[in-house]
1. Restricting to Cα pairs below 8 Å that are 6+ residues apart, what does the relative contact order work out to for the chain? Please round to a whole percent.
2. Which value in nm describes the separation of the simple spin-label points at Lys226 and Cys77, placed 7 Å from the Cα toward the beta carbon?
3. What list of whole percents do you get for P(r) of the range 1-55, with Cα-Cα distances grouped in 5 Å bins up to the one holding the largest distance?
4. What base-10 log of the normalised intensity I(q)/I(0) is obtained for the range 17-126 from the Debye formula, alpha carbons as equal point scatterers, at q = 0.11, 0.16, 0.22 Å⁻¹?
5. Search the structure for amide H atoms under 5 Å from the amide H of Val7, placed 1.01 Å from N in the peptide plane, and list their residues when 5 or more places away or on another chain.
6. How far is it, in nm, from the label point at Ser127 to the one at Asp58 when both lie 7 Å from their Cα along the line to the Cβ?
7. For the chain, with only Lys/Arg (+1) and Asp/Glu (-1) charged at the beta-carbon, what is the dipole magnitude about the Cα centre, in debye rounded to 20?
8. Once the piece of chain linking Gln383 and Asn156 is laid out straight, how much longer is it, given 0.36 nm per residue of separation minus the C-alpha distance between them?
Amino acid sequence: MYKKALVMGMGASGMAAAKLLLSEKTEVTIIDAIDNVNLRRNAALLRRKGARVVLGSDSVPDEKFDVCIVSPGISSCSKWISTVESRGIEVLSELELGASRCKCPMLAVTGSKGKSTMVKFCTDALSLAKQHVAIAGNYGPPLCGVVTGKKSKELNWVIVEVSSFQLEKVKTFKPHVGVLLNIQPDHLDRHGTMQSYATIKSSLFRRMGRRDFGIVFEQDLSAIRKLSRTPNRWISFGLSGRSDYRYADGMVSYTEQGAGKKILDFRGTIFANEVLGLTAAATVAAVKACGVKPEMVQQAAQKFRSLPHRMQTVAEIRGVKFINDSKATNLTALAAAVKMCDRPIKLIAGGLLKEKQLNFVKKILVKQVDAVYLIGKAARKMQEAWGDAVRCLTCGTLQRAVKFAWNEANKGDVVLLSPGCASFDQFEDFEDRGTQFIKIVELLKSEGVVK
């Protein structure tokens, strides 16, 4: 418990942290560099609860605090944090604060892509087994909101989606089951290098004990074990026979002590491909580590529906399927989306590029993409990088791209929005981009789908 705390950031994480601290009778000051109508509304709510709120702040209050809780949107390299640390004030993430108040075991999932899908999949499987679970973190409410008061005492598990931003400032955070789905280039503008990024991801496991489980993709396991240096039980998942949990040909296989080889069938579900098949293998491992029969994962897969903006089927018009994968904000995610499609693809891509190297996706585009319809600021660079391998059309806007793709699509094709870029050049966020795509497709249907 703290007497006096500073909270940085008035987003969902900052709000949840402030409310938790206020519930513990802590004197709370919360600051944000932005000042707008929505933040003022939130500020009024916190002030009624007793907090001091400073919006449009350009500096940290010159006071002594017992702790500083930082929201994930504020980099550990920011001037605010360096100022606080120079005063000897401990800086912790909202995730750390919430975890320290959690009264039930945690299953935590991190990775460069696919985290939300796995969190939902684990939740569905554990719920089928009559476990009382709550979702927290990036997908769901902040962890502080889930554990405030005695809420977590009533749960069997809290399933937490954890980002690298949240892991920058953790001290005692320790899930009982931790999963690292993958490590691929992402957020390097904040973390600098892949080595730094991997080191931060490995902190998910760094405080684990012998009874805890670390579940890692087979190709990353050796490096993560060296970075973590912990005595927990390590479990691998992957595509090769060396993995403890292996995906191959629509099925996940593993060996159960005393029962030999076990096989779970995912054919006929969205997990019957190498991309989501790895998620299925990791989920089987995680659910079993939670003490639940892995067959629950197979049952959950039969009913699973994609999350919004993640390989979400929007409509099928005259045999042409429209898929919204607006969440694909880097080229690795774009490549994964293409691999998951079993039809000829009309791909809509573009926006704000995160990477400098674009050529690594060429082989995948050549194999499965008929044409790429380019939008946003990245259009020219994508045209230059891919134009000699696949037909690229610069469309500028999403509406024009959908129109051109639809006009050229044949029965049996898929029009796939998987931008491979951030969205902020033309949209508020990836959700806004995906929502606009859905509206455009719905308009096609309402207009009688005339080409």
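We did not get these values from a lab; they are worked out from the coordinates using the rules stated. In this text the structure is predicted, and so the values were computed from the model without any measurement. Quick reminder, even Gly has a Cβ in these numbers, built from the backbone with ideal geometry, and neighbours come from all protein chains shown.
1. It rounds to 10 percent for the chain.
2. With each label placed 7 Å out from Cα toward Cβ, I get 2.4 nm.
3. 4, 23, 38, 23, 8, 3, 0
4. -0.47, -0.90, -1.27
5. Close amide H contacts, sequence-distant or interchain: Thr29, Ile30, Ile31, Ile69.
6. 4.8 nm
7. My answer is approximately 820 debye.
8. Result: 76.7 nm gained on full extension.
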